[in-house]
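Asker: Before we start, here is the structure in question, set down as structure tokens.
The values are calculated or read from the model by the stated rules, or taken from the named source; none is laboratory data. Computed from a prediction, not measured in an experiment: that's the story for all the values here. Cβ sites come from the backbone with ideal geometry, for glycine too, and all protein chains shown count toward neighbours. For the accessible areas, the whole protein counts, side chains as well, though only heavy atoms, and no ligand, DNA or RNA atoms are used. Shrake-Rupley method; radii C 1.70, N 1.55, O 1.52, S 1.80 Å.
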Amino acid sequence: MKPYFAFQWHITDNCYQRCKHCYIFAEDNCKQLSEMPWEKMKQVVESCEDMCSKLSRTPYFYITGGDPILHRDFWKLAKLLKEKDIAWAILGNPFHLNDEVCQRLYNYGCRKYQLSLDGMEKTHDFFRKQGSFGATLKAIDHIKNSGMYCAVMSTVSSANVGDFPQLIDLVAKKNVDVFAFGRYCPTSGQKSEEYHIEPLAYRDFLDMCYKKFQYHKSRGCKTTFQYKDHLWTLYLYEQGLFKMPENDDKNMIYDGCHCGIGHMTILPTGDVYACRRMESKVGNVFETPMYELFVGEDLEEYRQFDKFEKCGKCELRGYCRGCPAVTFGYTGNMYAPDPQCWKEFNMKTGEKLC
Amino acid sequence: MSEMLKRVAAFGAENSACGTKDPAPSACGSACGTKDPAPSACGSACGASDPDKK
């Protein structure tokens, strides 16, 4: 099969929650809720299919919002994707899910439903909505009953980092299929200070998580604990668990952030972003086909691998590069040093990184 | 194809900025574990792969 290309598609802004860290509702964003009309949705699918065909890729839609299930034509879209045999998943809310709805999603080909847990009950409900934590735990059972994969994603910041030991135990106990976390992307200077984690503290946090993951795996836990944050590569490298091949090409990019490489984001307005976690509009799908946007100059600005100020000197440049969106949130420059990267020297040359 | 994309070993990925990868088996090498992340047909240009596929 041809490799996947991921489209994170926000079909609606409508949502029952107003999460404190949500980039959609942050600051003065989203004064008016948008929802993509059905005719436009069909156009998006066709444009993404065309792009993938030209790139020899297989489309994979991550349908999200807002809460995508609130879109008035959500089920028409599900039917369309089923008819086209296109892989898709949902990044959504726990509300409105029951066994019947989940079975319907599964029957329409939805292979994975991703929920969010941002801590234990008090923390999670503070971020999201009273009752959201309890609803999420119930939704995990409904999703798993249906046959879909159940993924749980967390956003880590100084506000909830202390909850993670319990949270990891919880997802293992609930037997979710996938657990991962990403770092909070600040949407203002004040928030970057308020939610900041110091680099070495973040390394210690990864160390705690790694040991927790190993503990649960050793006890037969079937959850896939994904190393989504690219700073995991640095952690594992230092632990001797990730090794670069000796014959690699130092000019090449093998892994790390795939912004502008393996995924694109489409908003309800048709605006296309390199990455939804930062302000990175590259055009609009209703004005320019997705393929043209992918090969266009605007998206190329997000692939300037030689511009990474700190990573450019690091032997892990081809594999890590941290999270440019988090960096952008702190500095306004995705190529600046990652605010949680604790690495100081190139371990091959001894050069100081910054 | 763009000059920068020519430098990417493989640019396929199934996980979005906010999404997790499927736990299903794949031929893709791991960014984080025991598999070799060297240039290959796998889509490892794009985010940490599963360390332990089911």
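Asker: Does any residue of the stretch A:107-120 turn out to be touching a residue at least 40 places away in the same chain (Cβ under 8 Å), within 14 Å of another protein chain (Cβ to nearest Cβ), assigned to a helix (DSSP H, G or I) and not acidic (Asp, Glu)?
Answerer: no
Asker: Looking at the stretch A:243-264, can you tell me whether even one residue there is more than 7 Å from chain B (Cβ to nearest Cβ), of a type in the set (Lys, Arg) and surrounded by fewer than 24 Cβ atoms within 10 Å (Cβ to Cβ)?
Answerer: Yes, there is a match, as at least one residue in the stretch A:243-264 is more than 7 Å from chain B (Cβ to nearest Cβ), of a type in the set (Lys, Arg) and surrounded by fewer than 24 Cβ atoms within 10 Å (Cβ to Cβ).
Asker: Considering the stretch A:197-220 alone, what residues qualify as being farther than 22 Å from residue A:314 by Cβ and either among the hydroxyl-bearing types (Ser, Thr, Tyr) or more than 10 Å from every other protein chain (Cβ to nearest Cβ) (or both)?
Answerer: Result: A:208, A:209, A:211, A:212, A:214, A:215, A:216, A:218, A:219, A:220.
Asker: Just checking, which of A:195, A:202, A:215 is modelled with pLDDT under 95, within 25 Å of residue A:117 (Cβ to Cβ) and out of contact with any Lys or Arg (no Cβ under 7 Å at 6 or more places or on another chain)?
Answerer: Exactly one residue qualifies, and that residue is A:195.
Asker: Against the condition crowded, with 18+ Cβ neighbours inside 10 Å and modelled with pLDDT of 90 or more, how does residue A:72 come out, does it pass?
Answerer: For residue A:72, the condition - crowded, with 18+ Cβ neighbours inside 10 Å and modelled with pLDDT of 90 or more - is not met.
Asker: Still on this structure, please answer the following. Answer yes or no as to whether residue A:231 is open to solvent by less than 10 Å² (accessible area, probe 1.4 Å), farther than 27 Å from residue A:34 by Cβ and in contact (Cβ under 8 Å) with a residue 40 or more places away in the chain.
Answerer: yes
Asker: Inspect all residues belonging to the stretch A:253-270 and state whether any of them is in contact with a Ser or Thr (Cβ under 6 Å, 6 or more places away or on another chain) and under 30 Å from residue A:144 (Cα atoms).
Answerer: The answer is yes, given that some residue of the stretch A:253-270 is in contact with a Ser or Thr (Cβ under 6 Å, 6 or more places away or on another chain) and under 30 Å from residue A:144 (Cα atoms).
For (1) open to solvent by 10 Å² or more (accessible area, probe 1.4 Å); (2) among the acidic types (Asp, Glu); (3) modelled with pLDDT of 95 or more; (4) under 27 Å from residue A:159 (Cα atoms), each residue gets a yes or a no:
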position	(1), (2), (3), (4)
A:5	no, no, no, no
A:9	no, no, yes, no
A:13	yes, yes, no, yes
A:19	yes, no, no, yes
A:22	yes, no, no, yes
A:39	yes, yes, yes, no
A:43	yes, no, yes, no
A:62	no, no, yes, no
A:79	yes, no, yes, no
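Asker: Is there a residue being within 14 Å of another protein chain (Cβ to nearest Cβ) and over 21 Å from residue A:17 (Cβ atoms) anywhere in the stretch A:77-84?
Answerer: No: zero hits.
Asker: Another question, then. Of the residues A:67, A:99, which is within 18 Å of residue A:150 (Cα to Cα), within 14 Å of chain B (Cβ to nearest Cβ) and of a type in the set (D, E, K, R)?
Answerer: A:67
Asker: I'd like the full set of residues that are open to solvent by less than 30 Å² (accessible area, probe 1.4 Å) and under 18 Å from residue A:139 (Cα atoms), limited to the stretch A:161-183.
Answerer: Of everything in the stretch A:161-183, those that are open to solvent by less than 30 Å² (accessible area, probe 1.4 Å) and under 18 Å from residue A:139 (Cα atoms) turn out to be A:167, A:168, A:170, A:171, A:172, A:176, A:177, A:178, A:179, A:180.
Asker: On to the next question. Quick one: which of A:223, A:233 is within 19 Å of the chain's Cα centre (by Cα), farther than 22 Å from residue A:325 by Cβ and among the β-branched types (Val, Ile, Thr)?
Answerer: Of the residues listed, the single one that is within 19 Å of the chain's Cα centre (by Cα), farther than 22 Å from residue A:325 by Cβ and among the β-branched types (Val, Ile, Thr) is A:223.
Asker: Anything in the stretch A:315-354 that is within 20 Å of residue A:200 (Cβ to Cβ) and open to solvent by 50 Å² or more (accessible area, probe 1.4 Å)? List them, or say none.
Answerer: A:330, A:331, A:344, A:345, A:347, A:352, A:354
Asker: Listed residues A:195, A:215; which is of a type in the set (Ser, Thr, Tyr) and touching a Phe, Trp or Tyr at 6+ places or on another chain (Cβ under 8 Å)?
Answerer: A:195
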